[in-house]
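Engineer: Structure in C-alpha cells, see below.
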Amino acid sequence: MKLFIPGRRFYKGNTHAHSTASDGRLSPEEVFEAYHDAGYDFLALTDHWRVSAEQAYRGMLVLPGVEYDFNFPTQVLHLVCLFQRAEDARGIVRGMSHTEVIGRVNGVGGVAIAAHPAWSLNTTEFLASLDGVELSEVYNTMSDEPFNGPRGNSESLLDVTAANGKYYRLVAADDSHRYQGEQCAAWIMVQAEALTVTDILSALKAGRFYATQGPEIYSITHEDDRITVDCSPVSRITFCSNLYWVDGRCSSGEGLTGETYRIRPGDRFVRIQLTDADGKKAWSSPIVV
C-alpha cells in the first residue's frame, strides 16, 4: 500500500498565521506577500476569533481559517479551524464550549487542528478526549526558541498520545506573529487533486500530507511487515513507534535517500522522522499497523 498517490503533485502550505486583524505585526496583505514570495501554494490566515475569507493572492490560495482558544485550570486549547467557506463559521462565538465548536466545525465539513499541544501544556488524557479533532501540530515555530520557551516540538507528547490509542495526523506550522524569522520555517506538503479549498481539506482529512522544515518525503510504502520511505538526502532516518526499544530503528549517514523498517511484534503504530545535515526535520503521520 502506497500512502501517497504516485505522480500526483504536492502543494506547499502553512495552516497557522496571524495578522493585524488580531495580534500579528503585519497586515493581511503583507502576510500574503511574505508567504507568496517564499513559494507557498496556499496559506490559512487564522486570526483569533476572526475568520478569514477565501481568496487568491497572486496565484496563492488563501483558505478560510480562524483560531479559537479555550482556557482550563492547568492548560489551554487552541484550535486552528479551516472551513470550506468563511460563512460556515457563522454562529461560533466566544462562550461556547470547545466540544460545541468542534462539533460545529465538523458539521460543516471543516477541519480542526490542535495547535502547539506542548506549548499549551496539554496532557495526553486531554488530547485523547478531543473527539472530532484528528490533526495536531507536531511542530510550531512560534512556540519554540528564540521566540518562546522551548515547547514548539510536540513529538514525544503525541507519541505518548498515540501509544494510548489516539493517532493524530501531524502538521507543522509557523503560527507567525512577529515576522522576525519565525515565518516560512515549517509547513505541510499536501497531495491534493487540485489547488482548491475543497481538495486541500479533503487531502488533510485523508492524511495525504506530511510535515516538514525542509526534508522531502517522496513516497511511503507499507507492505506486509515492512514500511519503506524514499526521501531527499538526509543525515538520519528514524522510525518511531509505541515500543520503548527497537534495535535498528534509526539510520545515520551522509545523503541517505531511503530506508526500510521491519514491523516488530507489539508495534501498533510507526511514524517516520527525517533529519537533514542542518538539523531540519520532516515528520510523517503515524501509520497504524
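The values are calculated or read from the model by the stated rules, or taken from the named source; none is laboratory data. Here the structure is a predicted model, which is why all the values come from computation and not from measurement. Because the Cβ atoms are built from the backbone with ideal geometry, glycine has one as well, and the counts that use them run over all protein chains shown.
Engineer: Which of the numbered conditions does Ala86 fail, given that it passes all the others? Conditions: (1) within 18 Å of the chain's Cα centre (by Cα); (2) under 23 Å from Ala192 (Cα atoms).
Structural biologist: Ala86 satisfies all of (1) within 18 Å of the chain's Cα centre (by Cα); (2) under 23 Å from Ala192 (Cα atoms) except (1).
Engineer: Next up: Can you name the residue in the stretch 194-226 that is among the acidic types (Asp, Glu) and out of contact with any Cys (no Cβ under 7 Å at 6 or more places or on another chain) and is also nearest to Tyr11 (Cα to Cα) among such residues? So that I can check it myself, show each step before the final result.
Structural biologist: Step one: of the stretch 194-226, the residues among the acidic types (Asp, Glu) are 199, 216, 223-225.
Next cut, out of contact with any Cys (no Cβ under 7 Å at 6 or more places or on another chain) only: 199, 223-225.
Working: Asp199: 11, Glu223: 26, Asp224: 30, Asp225: 30 Å.
So the residue we want is Asp199.
Engineer: Right, something else. So, in the stretch 148-166, of the ones that are under 13 Å from the mean Cα position of the chain (by Cα) and in a loop (DSSP other than H, G, I, E, B), which residue ends up farthest from Ser22 (Cα to Cα)?
Structural biologist: Going through the stretch 148-166, the residues under 13 Å from the mean Cα position of the chain (by Cα) turn out to be 152-155, 158.
The next check asks that each one be in a loop (DSSP other than H, G, I, E, B); those that pass are 152, 154.
Values: Gly152: 21, Ser154: 25 Å.
Checked the stretch 148-166; the qualifying residue farthest from Ser22 (Cα to Cα) is Ser154.
Engineer: Then there's this: List every residue pair whose Cβ atoms sit under 6 Å apart, with the two residues 6 or more apart in sequence or on different chains, where the first one lies in the stretch 69-85 and is among the aromatic types (Phe, Trp, Tyr) and crowded, with 17+ Cβ neighbours inside 10 Å and the second, anywhere, is in a strand (DSSP E or B) and modelled with pLDDT of 95 or more.
Structural biologist: Listed by first residue and then by second, the contacts come to nothing, as the list is empty.
Engineer: Just checking: which of the strands (runs of 3 or more DSSP E) contained wholly in the stretch 5-66 hold 3 or more residues that are modelled with pLDDT of 95 or more and buried (at least 19 other Cβ atoms within 10 Å of the Cβ)?
Structural biologist: Details: elements: 11-14, 42-44, 55-57, 60-63.
The qualifying strands (runs of 3 or more DSSP E) are 11-14, 42-44, 60-63.
Engineer: If you don't mind, there's one more thing I want to ask. Among the residues of the stretch 248-278, write down those that are in a loop (DSSP other than H, G, I, E, B) and not charged (D, E, K, R). Walk me through how you get there before you give the answer.
Structural biologist: Step one: of the stretch 248-278, the residues in a loop (DSSP other than H, G, I, E, B) are 248-249, 263-268, 276-278.
Those that are in a loop (DSSP other than H, G, I, E, B) and not charged (D, E, K, R): Gly248, Ile263, Pro265, Gly266, Ala277.
Engineer: Continuing with this model, one more query. Any chance the stretch 92-109 includes a residue that's farther than 24 Å from Lys166 by Cβ, β-branched (Val, Ile, Thr) and surrounded by fewer than 16 Cβ atoms within 10 Å (Cβ to Cβ)?
Structural biologist: Among the residues of the stretch 92-109, at least one is farther than 24 Å from Lys166 by Cβ, β-branched (Val, Ile, Thr) and surrounded by fewer than 16 Cβ atoms within 10 Å (Cβ to Cβ), which makes the answer yes.
Engineer: Looking at the stretch 204-225, can you tell me whether even one residue there is aromatic (Phe, Trp, Tyr), buried (at least 17 other Cβ atoms within 10 Å of the Cβ), part of a strand (DSSP E or B) and within 20 Å of the chain's Cα centre (by Cα)? Reasoning before the result, please.
Structural biologist: Here is the first cut: in the stretch 204-225, the residues aromatic (Phe, Trp, Tyr) are 209-210, 218.
Restricting the remaining residues to those that are buried (at least 17 other Cβ atoms within 10 Å of the Cβ) gives 209-210.
Next, only the ones that are part of a strand (DSSP E or B) stay: 209-210.
When the remaining residues are screened for being within 20 Å of the chain's Cα centre (by Cα), the result is 209-210.
So far as the stretch 204-225 goes, yes, one or more of its residues are aromatic (Phe, Trp, Tyr), buried (at least 17 other Cβ atoms within 10 Å of the Cβ), part of a strand (DSSP E or B) and within 20 Å of the chain's Cα centre (by Cα).
Engineer: Answer yes or no as to whether Asp159 is of a type outside the set (Lys, Arg) and either free of Cβ contacts under 8 Å to residues at least 12 places away in the same chain or surrounded by 20 or more Cβ atoms within 10 Å (Cβ to Cβ) (or both). Give the derivation first.
Structural biologist: On the way: of a type outside the set (Lys, Arg): yes; either free of Cβ contacts under 8 Å to residues at least 12 places away in the same chain or surrounded by 20 or more Cβ atoms within 10 Å (Cβ to Cβ) (or both): no.
Spelling it out, it is not the case that Asp159 is of a type outside the set (Lys, Arg) and either free of Cβ contacts under 8 Å to residues at least 12 places away in the same chain or surrounded by 20 or more Cβ atoms within 10 Å (Cβ to Cβ) (or both).
Engineer: Let me ask something else about it. Tell me yes or no: at least one residue of the stretch 94-105 is closer than 29 Å to Ile287 by Cα, within 19 Å of the chain's Cα centre (by Cα) and not small (Gly, Ala, Ser).
Structural biologist: yes
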